[in-house]
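Everything on this sheet refers to the single structure shown next.
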Amino acid sequence: MNVRYPEFGVIEIEGERFEHDVVVEAGQVRRRNKKASKEHRDRYGHTPLSADEELPWSSHRLIVGTGAHGRLPIMPEVYQQARDRDVEVVALPTDEAAKLLGSVEASEAFAVLHVTC
């Protein structure tokens, strides 16, 4: 899969430019809907990745791009759901997550990518 993190606030997937967080599920890209996680913002100082969101659980591995500086908080419940589903969570700064996604076929690409902080 062709994925690049060319600059802060931007991710490019298969030649398409996104200036917002995205979810990749079997190579299909959609905007990350953070609304369900916003209620946890005060606790983390930032809207975290929570189990309340629609996460792409249909693979054995979920790649999470944690932002340019790796600051996206991931709530413990996400890790618990992953264990319950036998899914490995690989959390990396978004530039590294993009490189990892670039090494897999689109059908194997399952990720949440945060494009800022």
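Quick note: the coordinates plus some simple rules give every number you see, no bench work behind them. Since the model is a prediction, treat every value here as computed from it, not as a measurement. Here the Cβ is made from the backbone with ideal geometry for all residues, glycine too, and neighbour counts use every protein chain on show.
Could you state the principal axis extents of the C-alpha atoms in the chain, from the largest down, to the nearest angstrom?
35, 30, 20
Can you list which of the GluC sites (Glu not before Pro) found in region 69-117 are DSSP loop residues with at most 11 other C-beta atoms within 10 Å?
Glu105
If I histogram all Cα-Cα distances within region 44-85 using bins 5 Å wide from 0, what percent of pairs lands in each bin?
Histogramming region 44-85 at 5 Å steps yields 6, 20, 33, 25, 13, 4, 0 percent.
Starting with the fewest neighbours, write out Leu72, Leu100 ranked by other beta-carbon atoms found within 10 Å of each beta-carbon.
Ascending number of Cβ neighbours within 10 Å: Leu100, Leu72.
Ignoring the sites themselves, what is the longest stretch of the chain with no chymotrypsin sites (Phe, Trp or Tyr not before Pro) in a DSSP loop and at most 16 other beta-carbon atoms within 10 Å?
In the chain, the maximal stretch lacking such sites is 58-117.
So how much slack lies between Glu77 and Arg17, counting 0.36 nm per residue of separation and subtracting their Cα-Cα distance, in nm?
Taking 0.36 nm per residue and subtracting the Cα distance, the gain is 18.6 nm.
Please list, in chain and number order, the residues 5+ apart from Ala91 or on another chain whose amide H is under 5 Å from its amide H, with Hs placed from the backbone.
Long-range HN contacts for Ala91: Val64.
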